[in-house]
Structure formats: C-alpha cells, structure tokens
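Single-structure report; data block below.
The values are calculated or read from the model by the stated rules, or taken from the named source; none is laboratory data. What you see is a predicted model, and the numbers here were worked out from it, not measured in a lab. Neighbour counts are summed over all protein chains in view; Cβ atoms, including those assigned to glycine, are modelled from backbone coordinates with ideal geometry.
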Protein chains: 2
Amino acid sequence: MTPSNLSSVRALLFDTFGTVSDWRGSITRMGEEVARTKGITDVNWDAFARSWRAGYRPGMARVQSGARPWTRVDVIHRERLDVILENFGIAHEFSEAERVSMNLFWHRLDPWPDSIPGLLQLKKKFLIAPLSNGSLMLLSSMAKRAGLPWDFIFSSDMFKAYKRDASVYLGAIDFLGLQPHEIMMVAAHNDDLQAARSQGMKTAYINRPYEYGSDQDRDFEASDTWDIIADTILDIANTLDCSPHKS
Amino acid sequence: MTPSNLSSVRALLFDTFGTVSDWRGSITRMGEEVARTKGITDVNWDAFARSWRAGYRPGMARVQSGARPWTRVDVIHRERLDVILENFGIAHEFSEAERVSMNLFWHRLDPWPDSIPGLLQLKKKFLIAPLSNGSLMLLSSMAKRAGLPWDFIFSSDMFKAYKRDASVYLGAIDFLGLQPHEIMMVAAHNDDLQAARSQGMKTAYINRPYEYGSDQDRDFEASDTWDIIADTILDIANTLDCSPHKS
C-alpha cells in the first residue's frame, strides 16, 4: 500500500548527477580510456573527476548570484576542464577539438545499477522526468545513450536558473499544472529536497554515500524526515507500490 | 544513402497534431464512447471533432497578436469545448467535472499507424522530439499513453509562443545548441515547414490528406521543394537511411 500521504503523487522529478547517474565512476573510466590511447600514465582519474566536479557549484554560484548572465552547465564544465588540464599537467596533450569531445563525457554518464530498473517500474504509474542542472542536450543525450526512460526532460536551460533557486521548482510546478503535493522530488542531496519541500513538493531521499568518493563531506544520510528515505530507486518504486508484482 | 544535403541533420522535430497523431479520428472515437455511456444518439462526432479543432487557430491567433497574454492550448481547448457543447445542443449533458475530463481527450490522441514504427527507426540515429503547440502535460501524457518514443519534448509553454511564430523555431534551435541546418522540421503542414525553413532548418513534409476530413482545404500535397516529401514517417526514416536493415 502506498503511504496515504503520498497517494496524491502523480509526477516524480529526479536530480540526475549523483542521484541517477554515477558521474565520478563514469568520468574516471572515460578519462582512463583517453589516457590509454594517449599514453598518459601518471594521472589519477578519480581525482581528476572529483576536481572537475569541484568547479560545478562555484561555477553555478556566479550565475545564481547574478555576477554572470545565464550560462549553461556545458560552458561551466568546459571552463573547469581547461583549468584542471593545467592543474594535472596535461594541458599540452589535448587540442581544442579533443577538449570539445572530452567535455561531452558529461553527456555520457552511466546510471547507477538500480536506476533503470527503478525508473521503468515508476514509469508505469507516474510521469517521470529529470529536474536537473544539466542542459537539455546533456540530459537528452545522456538519456538516449543510457536508456533512461524519461517521459520528458526538465533542464536548467528551460528555467535559466540552477537549483537550489526556488524559481526552478516553481517553474516545474507551473509547467506541470499540478499542485505541489502531487509532485515528488527525488535526490541524493538533502539541500535539493529542502528546496523542493519549501515549495510544497513531496520528497524522496536516496542514499548515495559513494557519489563523491574521498571528497564526500555531506549527504551520508537523510538529514530530515523526508517522505521516503531509500537506498535505491527500486526501493522508492516499492514504497510507491510499483513493484513488478503490481504491474 | 542519405541525400548529401541532409547528412548534417542530427535532430528531427515533429509537428504533432495531424502529423504524428490523428486528432480527428481519436476525438471522434472518444466522443462516441462518451455518447454511448450517456445515451446521446444524435451527434455527429466527426463534425464535433472538426468543430472543436476549428477553435484552435483562432484561439492561438489571439495570443499571437498580443490581444491575450500567454495562454496554454488546454485553456483554448476548454473554452472551445464549452462553445461547441452549446452549439451541438448537449451542454446540459456535461457537468464541470465531465468537461474537465473531456478536455483531456486531447491528451489521449492515437498516433497514425506509421508513426511509432517510423519514430523508433529514426530514434536509432537522431534525437527526436515534438515541436508542437501542445502543452508539456498534453504532449507528455499523449506520448506516455501512446508509446511515442521521444527523446525529449518541446512544448509551446516552453517558448510561451505558438507556431508559426519565429520565436518557437529560434527557441528550439537555441536549446539544442545546434546549427539550424542540423535540425529538420517534420510536418504535414506546408506553412509550418515554411516557417522552419525561414530560420534555416531542414524540412520534411508528410502528406496527411485526411487529417481534417471534409474540412480539409489545404495541405493535400507539398507546396514547395521541401528537403523530403513523404507519405509516412517510415518513408522519412528510409530516406534518412534508418531502415530496419541498417540498424
């Protein structure tokens, strides 16, 4: 039985990086592949992936503060890539065309193992979509390659704002034409859920304690009484009564 | 072999009503079903469907002219529904809740028989999405029910404008971050393709001479030298070298 306070839910919106997709493992693997073709042997690609990601929140913060006009995450990724190629001492190894190609690593992230089975279950009963800071091309390319079965895509460029700005959640609610409590935000990040709850949305936390590896300094567990607290997307499907036996 | 002038195409954007979905047949069938449950016997539901649709362009025109602020097509559909229920002498038969439900007929249109096989072929090679005057909820609900395998959805509420306003095509090009000639507009309506071509997009015409039934007064054939002229979406897939044998 679906918990009675969740019986109104009609749409589930997912954070993507870290919640649905394993960016650290994916970027590490793709970096290692490129290094092998180039004969680069002295780079820790897990550290490279974490360093690349470390430019993400500061890059968005400049847009959120108004210090910079609307800028897609792809541009933020690229600017950070140029910095860390220098920092890791391999800038001379990568041409402009290779950097353009490397930046698309973020379009080719692999999902966590539970993501696709869980989403397929949830899709039987709910509208499912990302609500992500990714761009439309990033999110649709990732979904196409990985087989993420979204009903539609909410990207940051649709709102010209980044989570946790309230305008992103309010914009999604407005597009859906639903009441906030009919929409559930799913994320591995407590602050994303807090922002969604502030707008009246339901919340589901997925524990991804390995997302950042040795850089992880938060989100080891739920920090509030979210409506669902789970270890996998499949757990959420089960809680919402979408198990295979019910289909 | 893909024609050489089309080898740059990476994304195909589809008009939906009439091009992918058979609104007239679908609305007629759903109207007949409702009539049977209510014992209404004297309504020509094909005429009802055509009359409902006849409110569509005038309703959008008031928004496009600026006479009315941005208004979703669902609202335009509902206003027209109230008018034609009167015109057909059956307004007393439908409560507010029943009208709300009936307005969702437009969320449950069936595709033409060639649409899903054609889209599945095209999806192997291209990003595919609607570029439709429908709302996000309309288009995503329709796709979910019918199994339209879109990679993402471009809806009029994303642009707060209706085709054939240039801002819709320009907005889509901007979201995709592609060159206009890398995007192909697919439609059964010559004026939609003209507007897309004006922005540099490639064009594919599908002949749907039965879309409007006895109300059809245009679009019996291609009126210009579109890049592809076809009878079905499968034909377009074949022209773009996406036949099953190539998968």
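Couple of notes before you dig in:
- The residue list B:6, B:12 contains one member that is within 25 Å of residue B:190 (Cβ to Cβ), surrounded by 13 or more Cβ atoms within 10 Å (Cβ to Cβ) and at pLDDT below 95, which is B:6.
- Residues within the range A:6-38 that are over 30 Å from residue A:181 (Cα atoms) and among the small types (Gly, Ala, Ser), tallied: 4
- Remark: residue B:28 falls outside the filter, which requires a residue to be assigned to a helix (DSSP H, G or I), free of Cβ contacts under 8 Å to residues at least 12 places away in the same chain and either away from every other protein chain (no Cβ under 14 Å) or aromatic (Phe, Trp, Tyr) (or both).
- Residues in the range B:113-147 that are touching a helix residue (DSSP H, G or I) at 6+ places or on another chain (Cβ under 7 Å), more than 10 Å from chain A (Cβ to nearest Cβ) and hydrophobic (A, V, I, L, M, F, W, C): B:119, B:122, B:131, B:142.
- Residue in the range B:222-241 that is of a type in the set (S, T, N, Q) and crowded, with 22+ Cβ neighbours inside 10 Å present: no
- Of all residues in the range B:32-55, those that are under 30 Å from residue B:160 (Cα atoms), in contact (Cβ under 8 Å) with a residue 60 or more places away in the chain and not hydrophobic (A, V, I, L, M, F, W, C) total 2.
- Number of positions in the range B:180-226 that are out of contact with any Gly (no Cβ under 6 Å at 6 or more places or on another chain) and assigned to a loop (DSSP other than H, G, I, E, B): 19
- Qualifying residue in the range B:161-173 (condition: over 19 Å from residue A:159 (Cα atoms), among the acidic types (Asp, Glu) and crowded, with 21+ Cβ neighbours inside 10 Å): no
- Any chance residue B:188 is surrounded by 15 or more Cβ atoms within 10 Å (Cβ to Cβ) and within 30 Å of residue B:46 (Cβ to Cβ): yes
- Residue in the range A:73-89 that is closer than 17 Å to residue A:15 by Cβ, over 14 Å from the mean Cα position of the chain (by Cα), crowded, with 20+ Cβ neighbours inside 10 Å and in contact (Cβ under 8 Å) with a residue 60 or more places away in the chain present: no
- Residue match in the range A:145-152 (condition: in a helix (DSSP H, G or I) and at pLDDT 95 or above): yes
- Pairs where the first residue, in the range B:177-188, is within 13 Å of another protein chain (Cβ to nearest Cβ) and the second is surrounded by fewer than 18 Cβ atoms within 10 Å (Cβ to Cβ) and β-branched (Val, Ile, Thr), C-beta under 8 Å, 6+ apart: none
- Within the range A:13-43, tally of residues that are of a type in the set (Asp, Glu), under 30 Å from residue A:127 (Cβ atoms) and out of contact with any helix residue (DSSP H, G or I) (no Cβ under 7 Å at 6 or more places or on another chain): 1
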